[in-house]
Structure formats: structure tokens, C-alpha cells
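The values are calculated or read from the model by the stated rules, or taken from the named source; none is laboratory data. Bear in mind that the values here come from a model prediction, so they are computed numbers and not experimental data. Here the Cβ is made from the backbone with ideal geometry for all residues, glycine too, and neighbour counts use every protein chain on show. These area figures cover heavy atoms from the full protein model, side chains too; ligands, DNA and RNA do not enter into them. Shrake-Rupley method; radii C 1.70, N 1.55, O 1.52, S 1.80 Å.
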Amino acid sequence: MKELSNNINQKMNDTLKEIKENINDYITTVNALLCFIALTTWENEQSGGNYYCSFGRTMTTSPYNSISANTDITPDEVLQLSGDIGFVIEAKISLPQNKDLWEDLERQLRKYDDDLIGWWTENDKINKSNSILLIEISRSEEFREYHEKLIQDGKYSSDNRIVGIEFSRADQFSNYIFFRTRWGHIDDSVLDKILRYGKKKDIQFAESKYGRIKFNDSEPEPEYLLTIMWQDIFTALHREVEYNKGLKCYPLNVDVEDITRELQRGYGSQALQKNCNIEPNAEREVEFPQISWVRSALDILEKLKVAKKNTQNNYAIYFNRLRTEDMVKYFSKYRKRKKEPPSEDQAQISLFSERDLKE
Amino acid sequence: MENISSILEGKIISAKNYEEILDFISFITDFPPRHFIHIQYLYFNGEINSYLANLKSKDFQLSQLNPNVCAFNYHINKKDYKIRGAFFVQPSTFSNLYAIYSISSSYNWSIFHQIILRRQYPRIVLLYWKQSEQTKALKLVEETLRHNYVLRVKKLSLKEKRENEKEKVSLGAKTAKAKFDSYLEWTNKTLSQVLDEAKERDQWFKKITFQLFKKQNEIIFHIPSAICKMSKFGYFSCNNLYPIIFPVVKKELEPPLKDRILLFKDRGLKERNYKPSSALTIIFEDEIFKNIDTFRYFSEIIKRYPNSTKAFFHTNPYFHASIADFLDGSSIDLWISNYKTVLLVPQIRTSISSLERLVAYIFDNFHEGIVEQYQSENE
């Protein structure tokens, strides 16, 4: 019996560990994307230049795209600097264990290496652009070798504007993100030189200039979203309602759309747009976090018996000071057992897990 | 003299302004035993007079004494103690910074403090003085009065780092609890002796009681002319010599409170129309996080932060947590950003009260440091 109990505890700990690793990968990826904005635009901004940046912006490939013509794509980040130069960026903190799947990423980068439509210019086009892979430092060399072998084998042309930039937390305390080019050249001589030697960028600096961004356009672990909602929104909301002695809680009536908008204003798409000169609700822009993520997270609260779904867009939250040492751990309780081990195709090389490889 | 508090109350009722009450206090020289002028610094945002006038509790009643000043009498009706007294709240030259004055026995003050003042968080926040700030003020008091008085430290409420590191480690999971000892110490030492020993033994004062002895022609009187107390939570009291001691204390200890309120102001995203502020940092003197035990201890301390919910995103090898203040509704992200720095990152709602409470808690339970706006190398 004791052994069984130990096994269950071990499994719960493993699950929590995995969730926290995923959350930290997510935070690091968002921070890398944000710091890359700081790295590429700060000098530019100082000199009064305009810049635009966006996460998950929809761009359209040209009729001559080598991979997929005239299709919409949603890179992790799109950046445009004042010298009429743009970057289309994909960020990877890990890679699939199965190397056969790496070609998807190569194809994705080549798809971005195009005269894309959707830039913040009069004709939606830009003169110079790079397709950039931001890749976590522990995977950068391996992927560089893979990328070059594809070219050596004649599978792809070497005439491209694809740049591989490795990133890492600059030290054990992770307050900085370090960037350095592994292959290719940036179409801007100053930036190219900076990135060739490597440059670290301060996360706090980036947040204070470009928004306290906690999300990008991919859905995080629900525990992460729930923690932010509980800590930063519900805790403030409960101060506005009376304690209900019958229910033994502070009953909050929350509208899914209101919560989503507040998250977007504070930590999501609206925050980034506000600080990066982007018109909100522009046609090609994407919202994050999305209403559906918030709704799914609130459904988890219902499973945990701290919320009740009134309608599709309205929930009653039974708010209380939860007696737990760690809210992430508390919210993970809805997962009754450890997830099934990933299939070979999904398995990851590193400790990090990854949600998907977007095409 | 059973009722020096009643005399103060009478004066408050007839006073036209604060100066009249303060002048009156200045002339009191003969306090009954264990009676003091108590002064408590606090932060309040809003109309403090109407806030106090509208306070309702089953444990106490407040009645306004005079429309010209913010002053009340209080009745505390608890099973074990029924006490009454009067107090007034003097605004400082800096908005939101106030000092509560009362004259009463130490016992009555402690009940008043516990039942009324401490329960008003987050509206009323008792402010914190660092040890370095307190010692600077004490040295200045000693220096200012040195021609006529000798200062001796009478009692110390202390926290001291455990000497036996091995013992600490062997306690395993209870390491955090065993890291410091708290105790009271009675002395008759000079201020410099006490400060030197404190430095040597890595001690923190929670409260310091000192006496001032009259000195005449190199003869030092045996009966103290005044007994004074100072606690790190913004409190000062004395039973004599108020007009010569307190201005020195005030001059030295009001500015750091004012500076911190200014530093903590307008940090939350919402009050800034979602334009982020810079983060804040607590910088410690030494690279304390090089020691993994200290790193873990910090994590333990944060786990035990009262009236809050915590989320730990990462605790090893780096530290990133979210703290939500249940009483105030604010939240703050904490990072250890290098071996000697903790980052405090304001979130959607982050109030002055919540920042003051958290910083005071870290200073009181972990280590004191310098709190300031984050300076980036990239700027």
C-alpha cells in the first residue's frame, strides 16, 4: 500500500516537473522573442527610426515561393526596421528527437525566405528580409550541421537569406538572453556584426520598453495561464466583493471576454502592439492569449471545484485564499495521472518538451 | 496622573491645530511610570480622517475629537482587556506619510497597536526602517545630546545568525527555521559597543531601548532623564526630552520613508495605462546567493509569506515566483537576478502597500538590502 502511494506521489512529482519545464520553456521562448526585438530595434529607436513588431502576424507567400506559393503563414515573430529591412522569425527551444522531422523546420524557414506580403509598408512588401531561426544554444550546432548537409546533398540551394541565431539564458539567473549568429548573414551590416560576436539583452529592459509580455501566439500549459489569472486578476477582483458566508468564499462573476482582454492588455497582444507601434485589431494581427485558452483554463477550475460555468462566456469563481504552497502545483491536480509517454515521432531530445512544429 | 491620556484628549479637543497639541506634548516632563509618547509612522492613501471616522469593528470604537485635526479617542472592548485612550494623526510634509501620536502606558499602546493599527492593512501600512537608517539616527541623537547627556542601550530585541552552520545543515528540511535566533538582551553598553557587536555577530535589531543620563561637570546621574524606544516598524517613543530627541529622529528617519513611498508609486500596469514601469531591485551587500543554503532559505521565506498565494515557476538553479497579496489584491513577480540581487517585477496591479509589506518582510525575515529602481546595462 505504501509502495503504491509512493508510486503515485512520484508520478505526480514527475508530472509537475514536466509542467514546470514546459512553462519555463514557454517563458524563455517569449523572453527570447521579446529580447530579440530589443536587440534589433533599440539602436534604431534611439536614432528616431520607426520599427514594427508582432508575434504571430499573418504573412502571405509570393507566387514564386519555393515551398508553398500564395499561402498564409504565421511566423512566431515579424520585425520591421526603419531601413526597409524585415525579419521573419521562428523560435525553437527544442527539436524533435526524430531527425526526419527536422526537415519540416528547414522547409518552414525556406518558406519564410521569400518576398512575403504583409509588411507595414504602402505596398505590403519590403526590400530586404531575412528568415531567422532563433534556436536554443544546446541544439544550434546540431541543426546547423543538418541544415548544411541538406545543402551539400543538393536538396536545397545555398543561395538564401536564412540565418541561424542561437540564444540562451546568459547566466544561471536568466536575467539576460544571449544571441549569436551560427550561420548566414543578417542583411544589415551593423546588426550582422553585433550578432556575429554575440550580444546579451536584458529581459527587464526589454519588458520595460516593449511590454511586460508573458504570452505569444501559441497556447501555454493551462497551469501557467491559470496561475496568472488567479494571481494577477482574480486576487485583485476579490477585493471588490463581499465575503459570502453561505458559500464560504468571495464569489466572482467573470466574463471570459473581459478576462481575455485584460490579459491581452497586460501581458499579451495588446501590450505588445501598444509598445511596438502596431494598430490594434489590424487585419493581419493575431490576438493572444485567446478566448478559447481562457475558457479551457476556466473549465479546469470547474473540474477543481473552484468555479462553475454559468454560460459559455460566464463563470462563477469561488475565490478564496487557497491553502497551497504553490499555485502551479494546485492547478495541476486536475491531471489525474501522468500523461502517456510520447510516441517516437513526438519524443524530444532534450529535457524540454515542445508543443508542436508549426508548418 | 492616572490619566495623562485624558489630559492629552482634553488638549486635543480644544486645539485649533496640530501645533498646539505638539507644543503641549513638548512641555510634558513628568510622565507616570511606563507611560510614553508613542509615535508610529504609516502610509495611507486617501482621506485618513474620514477613513478612521468610518472604521467599524466589534472590538473597538473610534470617536472623532476635533474637526480641526485628525484625532480620535478609542475604546477597545475585548474580553481580556477594556482600554481607552486618544490619538492624533499628523500629516508629514510629504503626502501619504503620517505619524500617529498617542500618550499612554506601553501596555495600552501595544493593545491599541495590535487591535486597531495592525489590522488596517492594506489601507494603513506601518513603515519600515532599516538597521542602517536606525543606527544613523541613533548616532545623531547621541552626537546632538553629547554635551548634556550620555546614551546607554538598555534593551535589545535581536535576531542573530546561527553560528553553527553544521547544525543548521543537519536539520535538513528545517534549515530555514533554524537559520536565525531571536532573543532579548539587557545591557548597559554604549551605542558604539552595541553597534560593533551587532556587526561582528551579524545581528539585527527589531527594537532598541536606550536611556539618556544627565551629565554635569563630568558627573553622570544615575537616574535616566529619558527612556526611548525605537522599533524597525516605524515606531519611536520616549518618556521625556521629546522636544530635543524627536526632531533629530524625525529629520533622519522621515526621508527614507518618503523616498521609498515615491519609489513604489505608480508601479502597477493598470495605473500606468498598461505602460510598464521599470522593475525594482533589492541589492544585498554581499553575494549571499552564492551559498546554496541561503538560496534555499530565501525560497522558504517566500513560501511562508503570510496572507498571500505563491506560485513557484522555478526554484533551482534560478528563482522565479509570483506572489499575490490576498489582503491587498496586488501581485508581484520575484526573480533572483544575480548573486546579490532580487528583482521585484510589478504586475497588472501592484500597490505601494503591497510593495512595502513584501520588502519589509524580506528585510525583516531574510536580509536587509538597498531597494531601488532596476538599472539595466542595456540602457
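Tabulated data for the structure shown
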{"quantity": "Residue tally, condition surrounded by 15 or more Cβ atoms within 10 Å (Cβ to Cβ) and free of Cβ contacts under 8 Å to residues at least 12 places away in the same chain, over the range A:300-312", "calculated": "2"}
{"quantity": "Residues satisfying the stated conditions in the range B:224-245, i.e. under 17 Å from B:Arg146 (Cβ atoms) and in a helix (DSSP H, G or I)", "calculated": "B:Ile244, B:Ile245"}
{"quantity": "Residues that are among the hydrophobic types (A, V, I, L, M, F, W, C) and farther than 14 Å from A:Arg323 by Cα, drawn from the range B:289-331", "calculated": "B:Phe289, B:Ile292, B:Phe295, B:Phe298, B:Ile301, B:Ile302, B:Phe312, B:Phe313, B:Phe319, B:Ala321, B:Leu327"}
{"quantity": "Hits in the range A:196-248 (condition: out of contact with any helix residue (DSSP H, G or I) (no Cβ under 9 Å at 6 or more places or on another chain) and of a type in the set (Lys, Arg))", "calculated": "A:Arg196, A:Arg239, A:Lys245, A:Lys248"}
{"quantity": "Residue tally, condition of a type in the set (Phe, Trp, Tyr) and outside any strand (DSSP E or B), over the range B:31-52", "calculated": "2"}
{"quantity": "Residue check for A:Leu301: more than 28 Å from A:Leu79 (Cα to Cα) and either within 12 Å of chain B (Cβ to nearest Cβ) or among the polar types (S, T, N, Q) (or both)", "calculated": "no"}
{"quantity": "Test for A:Asn130: is it open to solvent by 10 Å² or more (accessible area, probe 1.4 Å) and either in a strand (DSSP E or B) or among the polar types (S, T, N, Q) (or both)", "calculated": "no"}
{"quantity": "Filter result for the condition that a residue is under 24 Å from B:Ile352 (Cβ atoms) and among the small types (Gly, Ala, Ser), over B:Ser14, B:Ser50, B:Ser26, B:Ser5", "calculated": "B:Ser50"}
{"quantity": "Options B:Tyr274, B:Tyr297, B:Tyr339: the member that is at the interface with another protein chain (Cβ under 7 Å from one of its Cβ atoms) and open to solvent by 10 Å² or more (accessible area, probe 1.4 Å)", "calculated": "B:Tyr274"}
{"quantity": "Scope the range B:277-294; condition in contact (Cβ under 8 Å) with a residue 12 or more places away in the chain and open to solvent by 10 Å² or more (accessible area, probe 1.4 Å); matching residues", "calculated": "B:Ser278, B:Ile283, B:Glu285, B:Asp286, B:Glu287, B:Ile288, B:Lys290, B:Asp293"}
{"quantity": "Pick from the range B:300-331, criterion under 16 Å from B:Val345 (Cα atoms), of a type in the set (A, V, I, L, M) and touching a residue at least 24 places away in the same chain (Cβ under 8 Å), ranking: farthest from the other protein chains (Cβ to nearest Cβ)", "calculated": "B:Ile302"}
{"quantity": "Any hit, the range A:168-177, residues being out of contact with any strand residue (DSSP E or B) (no Cβ under 6 Å at 6 or more places or on another chain) and assigned to a strand (DSSP E or B)", "calculated": "yes"}
{"quantity": "Condition met for B:Glu197 (part of a helix (DSSP H, G or I), farther than 22 Å from B:Tyr361 by Cα and at pLDDT below 80)", "calculated": "no"}
{"quantity": "Some residue of the range A:189-201 being buried (at least 22 other Cβ atoms within 10 Å of the Cβ), within 13 Å of chain B (Cβ to nearest Cβ) and within 25 Å of B:Trp335 (Cα to Cα)", "calculated": "yes"}
{"quantity": "Flag if A:Glu207 is closer than 17 Å to B:His320 by Cα, open to solvent by 10 Å² or more (accessible area, probe 1.4 Å), in contact (Cβ under 8 Å) with a residue 24 or more places away in the chain and outside any loop (DSSP other than H, G, I, E, B)", "calculated": "yes"}
{"quantity": "Odd one out for B:Leu334 among (1) over 21 Å from A:Met327 (Cβ atoms); (2) away from every other protein chain (no Cβ under 11 Å)", "calculated": "(1)"}
{"quantity": "Test: B:Ile227 is out of contact with any Phe, Trp or Tyr (no Cβ under 8 Å at 6 or more places or on another chain) and surrounded by 15 or more Cβ atoms within 10 Å (Cβ to Cβ)", "calculated": "no"}
{"quantity": "Condition met for B:His367 (open to solvent by 20 Å² or more (accessible area, probe 1.4 Å), facing chain A (nearest Cβ under 9 Å) and farther than 24 Å from A:His238 by Cβ)", "calculated": "no"}
{"quantity": "Lone unmet requirement of (1) open to solvent by less than 30 Å² (accessible area, probe 1.4 Å); (2) farther than 30 Å from B:Thr93 by Cβ for B:His314", "calculated": "(1)"}
{"quantity": "Pick from the range B:58-92, criterion open to solvent by 40 Å² or more (accessible area, probe 1.4 Å) and assigned to a loop (DSSP other than H, G, I, E, B), ranking: nearest to B:Ile124 (Cα to Cα)", "calculated": "B:Lys58"}
{"quantity": "Verdict on B:Lys166 being at pLDDT 85 or above and either of a type in the set (D, E, K, R) or surrounded by fewer than 19 Cβ atoms within 10 Å (Cβ to Cβ) (or both)", "calculated": "no"}
{"quantity": "Hits in the range B:338-366 (condition: of a type in the set (Lys, Arg) and either out of contact with any Phe, Trp or Tyr (no Cβ under 6 Å at 6 or more places or on another chain) or part of a strand (DSSP E or B) (or both))", "calculated": "B:Arg349, B:Arg357"}
{"quantity": "Meets criteria (β-branched (Val, Ile, Thr) and surrounded by fewer than 18 Cβ atoms within 10 Å (Cβ to Cβ)) for B:Ile348", "calculated": "no"}
{"quantity": "Test: residue in the range A:335-351 that is outside any loop (DSSP other than H, G, I, E, B) and at pLDDT below 95", "calculated": "yes"}
